[in-house]
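Throughout, read-outs are computed from the coordinates displayed, never taken from laboratory work. This one's a predicted model, so the numbers in the text were calculated from it and none came from an experiment. Here the Cβ positions follow ideal geometry from the backbone for every residue, glycine too, while neighbour counts run over all protein chains shown.
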Amino acid sequence: MKQTFETNKSVDQAVEDIQKVLPNYGFGLQHIHNPPEKMREKGIDFKTECKILDICSPIIANEILSYDISLSCIMPCKISVYDDKGQTTIALNSIVQLVDDLNPDLTDSAQAVQETIVNIINDSL
């Protein structure tokens, strides 16, 4: 399951605005993936704008990984920003669903993280 949000901003402006909001919630940016750029490097002419932000809160990551290191396979959290036929869309995977599949004991923590990321997105719109 995913949650999506629409904005009138360009993909680059939406990414920039998300980055500005992250510290307000104790999150930081680890990396920005640019799939179209990477595909062009490999000879594939993919034209749709898309950027994927890897974000993380070190405090939350410490709590979760200290409890169950296997959850590292779904970290860091990702926010995708892409052009969908002229509409900039921001998407977030269900962190609750991902965590519940791996360790149901941590679904409450996952819910709190998901709500925080939704707030980050809303504050950046």
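A few comments on the model shown:
- Taking 0.36 nm per residue of separation and subtracting the current Cα-Cα distance, fully stretching the chain between Y25 and I69 would add 13.5 nm.
- Ignoring lysines fewer than eight residues from K2 along the same chain, the ones with Cα atoms less than 18 angstrom from its Cα are K51, K78.
- Label-reachable residues, region 106-125, where backbone N falls under 12 Å from a point 7 Å from Q13's Cα toward its Cβ: 125
- Sparsely packed loop sites in region 16-125 (the trypsin sites (Lys or Arg not before Pro) outside DSSP H, G, I, E and B with at most 11 other Cβ atoms within 10 Å) comprise K42, K47, K85.
- FRET efficiency for L125 and K85, using Cβ-Cβ distance with R0 set to 22 Å, rounded to 0.05: 0.70
- Report summary: the helix-based calculation at 222 nm, which adds -39500 (n - 2.57) for every DSSP H run with n ≥ 4 and divides by the residues of the chain, gives -13000 deg cm²/dmol.
- With K and R counted +1 and D and E -1, the other residues having a Cβ less than 12 Å from that of G86 yield a net charge of -3.
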